[in-house]
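Note sheet for the following structure.
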Amino acid sequence: MPYDVPHAVSPGLWALAWRRLRADGLAMLSLAIVAAFLLLMVLSGTGLIAKDWSKEVGVNYAPPSFVGADVEAPGSSAAPSNSLPSGAESDAPTELPVEDPLAEALAAIRGETQKSDTSGLPAADSANVDPLADVMADIRAKGSKAEAVEARAPTLPFGGDKWGRDVLKKVVKGSETSIFVGLAAAVVATFLGTLFGAIAGYYGRWLDDIFNWFYSVFTAIPYLLLILAVAAVLQQKGTLTIILILGLTGWTGCFRLIRGEYLKHKGREYVQAADAIGASNARRMFVHIFPNISHVVLVQLSILVVAFIKSEVILSFLGFGVPVDVVSWGSMLNEAQNELILGKWWQLAAAGTAMALLVTAFSLFTDALRDALDPKLK
């Protein structure tokens, strides 16, 4: 009677990588932070949170709640009571301190109106004409606006900007723009770098020379100056413009690595076996070779996300990024530089802390992912 002999299945590359990641506590913490930011981006993009980020809910430069209300804040309802003269009350006095100088003139006008009514003129027309109606309407409108300003909150959880908008909601909405730009631009750059590197490394010869020439031209110019020059030439602000600028100029690093991997793998036995069974060049490139170098592509994608988030912040800070009706971490830092002169530090601290937290977590996770996907580490 035959017995079933248990056999061990060797885990694959991705299973080993996930096992190494789970054993690294810092990597899992970084992954959790990155996942939390991605969740904020999705919730903000769908309008579930920070939908009313542009609403003026606080007084101008409302301080954070843990700092306390600023009694001298403009538009604040917590104005000191000693701003009125001593002995004065908030309500209007019941008696005027002096006689009304227009009392006799008003009495004369009323008398003439009564005479015109008895002389046969339309009483309704003469009595209902109010020459001060428009002026009083303007005064009432201004009074209602003043009451609306006084109704704003004197403090906000993380403070407010110069228009009274909540800084916390701006940070959440800004994370949507900055993270989306970083992810989308990294996908574009990684796709171009992988495609160009695969063609250059696999075919070689004159195709390799052409792509290497383009690579040399792009890398000869400092990267920051290159993207600033392209942004200045386009002169069209927008999220799509920034994605194209970063994606079309940031493929060089991925191209260099993928080209080297294809040069190394195209002569190996499994590729020659695929050639022997009649596999086409495209199938050998993207079905046989690409799965064996996909970990390099993934690591490059995560590295470019971090780099492009910082690039978007720099572009928006310098005025070449998102338009004025779109908020990002870079535009918040641009606003905060003027507020810092007035001692209003909370918008700078909120945007800078959020960006530093995400970039640090993403960088640590990228390093851990690179180590986990390294086949030499077992």
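Bear in mind that the values in this text are calculations on the coordinates, not laboratory data. On a predicted model such as this, the values are computed, not experimentally measured, just so you know. FYI the Cβ positions are ideal-geometry reconstructions off the backbone, even for glycines, and counts take in every protein chain you see.
Computed quantities for the displayed model
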quantity: Among residues of the range 341-359, those that are free of Cβ contacts under 8 Å to residues at least 40 places away in the same chain, surrounded by fewer than 15 Cβ atoms within 10 Å (Cβ to Cβ) and assigned to a helix (DSSP H, G or I), counted; calculated: 3
quantity: Tally of residues being among the hydrophobic types (A, V, I, L, M, F, W, C) and without any contact (Cβ under 8 Å) to a residue 40 or more places away in the chain across the range 254-293; calculated: 9
quantity: Test: L263 is of a type outside the set (V, I, T) and either under 30 Å from L168 (Cα atoms) or not in a helix (DSSP H, G or I) (or both); calculated: no
quantity: Subset tally (residues that are aromatic (F, W, Y), in contact (Cβ under 8 Å) with a residue 60 or more places away in the chain and in a helix (DSSP H, G or I)) for the range 303-326; calculated: 1
quantity: Test set (1) crowded, with 20+ Cβ neighbours inside 10 Å; (2) of a type in the set (A, V, I, L, M, F, W, C); (3) under 24 Å from Q235 (Cα atoms) - I314 fails condition number; calculated: (1)
quantity: Residue tally, condition surrounded by fewer than 16 Cβ atoms within 10 Å (Cβ to Cβ), in a helix (DSSP H, G or I) and either over 34 Å from the mean Cα position of the chain (by Cα) or not polar (S, T, N, Q) (or both), over the range 193-217; calculated: 10
quantity: Residues of the range 37-55 satisfying the condition of being touching a helix residue (DSSP H, G or I) at 6+ places or on another chain (Cβ under 9 Å) and either within 21 Å of I303 (Cα to Cα) or not in a loop (DSSP other than H, G, I, E, B) (or both); calculated: F37, L38, L40, M41, V42, L43, S44, G45
